[in-house]
Amino acid sequence: MIDAGLIRHGEQHGELSTWFGGVLSAGFDATVNERANLMTRPRGRSRYVLALLRELTTLRARPYRIVADGEQIATDAMLVSVANNRSLGGGMRIVPHAELDDGPFDHFIVTAMSRPCFLRLFPKVFRGEHTGLPEVSFRGLSTVRIEAGGVIAYADGERIGPLPVEISVVPGALRVLA
């Protein structure tokens with residue numbers, strides 16, 4: 001039995017609910033995913049690489065308003081994720097200590113930093129070596145609301161839509177045979 005997340009979203013068009021099992025992202029990685037999905041060429045993996053390079057040119061922190069288990073947090077961040085799983089997007093180990101069946105999800109935030117600093121951080125994420133950096137924070141949670149203007153959320157690689165989103169952990173929601 002593993003945990004799952006229930007996302008409530010789409011406030012402007014009537015509320016929707018979507019389940020996810022891995023990671024919800026709202027920030028740089030979701031922006032790259034959005035751009036890659038809108039591109040028709042090239043095909044394959046190079047589309048994502050080109051989208052990444054394009055988004056790096058406009059990379060900046062955005063103001064987020066977050067309510068995590070009732071605590072209000074205001075932060076300028078490059079990336080905000082809610083993770084049940086350790087990795088996303090081709091092996092980026094964003095939360096190396098995450099467990100699929102431990103109850104709380106892990107809230108992962110990368111706060112404002114320069115573009116060169118972000119480029120130095122990025123390869124460390126694939127090895128899970130970013131966890132001690134001052135711009136990176138983790139927090140266990142069971143409910144969270146994430147708001148930011150102009151930010152799209154993706155969960156498990158699928159487009160959820162523009163923020164705000166509300167996420168609740170549902171412990172033991174999914175039985176997996178492995």
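Computed quantities for the displayed model
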item: Residue in the range 45-52 that is modelled with pLDDT under 95, surrounded by fewer than 20 Cβ atoms within 10 Å (Cβ to Cβ), basic (Lys, Arg) and in a loop (DSSP other than H, G, I, E, B) present; result: no
item: In the range 30-41, the residues that are open to solvent by less than 40 Å² (accessible area, probe 1.4 Å) and either touching a Leu at 6+ places or on another chain (Cβ under 6 Å) or more than 26 Å from Glu135 (Cβ to Cβ) (or both); result: Val32
item: Residue in the range 132-145 that is under 18 Å from Thr75 (Cα atoms), in contact (Cβ under 8 Å) with a residue 40 or more places away in the chain, part of a strand (DSSP E or B) and small (Gly, Ala, Ser) present; result: no
item: Every pair of residues 6+ apart whose Cβ atoms lie under 6 Å, when the first sits in the range 40-57 and is under 12 Å from Gly89 (Cβ atoms) while the second is surrounded by 14 or more Cβ atoms within 10 Å (Cβ to Cβ); result: Tyr48/Ala36; Ala51/Val32; Ala51/Arg35; Ala51/Ala36; Leu52/Val32
item: Leading residue by the ranking (nearest to the chain's Cα centre (by Cα)) among those in the range 54-81 that are modelled with pLDDT of 95 or more and in a loop (DSSP other than H, G, I, E, B); result: Asp69
item: Only one of Val151, Val176, Val82, Val144 that is among the β-branched types (Val, Ile, Thr) and exposed (fewer than 15 other Cβ atoms within 10 Å of the Cβ); result: Val176
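The values are calculated or read from the model by the stated rules, or taken from the named source; none is laboratory data. A quick note: this is a predicted structure, and the numbers were derived from the prediction, not measured. Glycine also receives a Cβ, built like all others from the backbone with ideal geometry; neighbour counts cover every protein chain displayed. Protein only, heavy atoms only, side chains kept; ligands, DNA and RNA dropped before computing areas. Shrake-Rupley method; radii C 1.70, N 1.55, O 1.52, S 1.80 Å.
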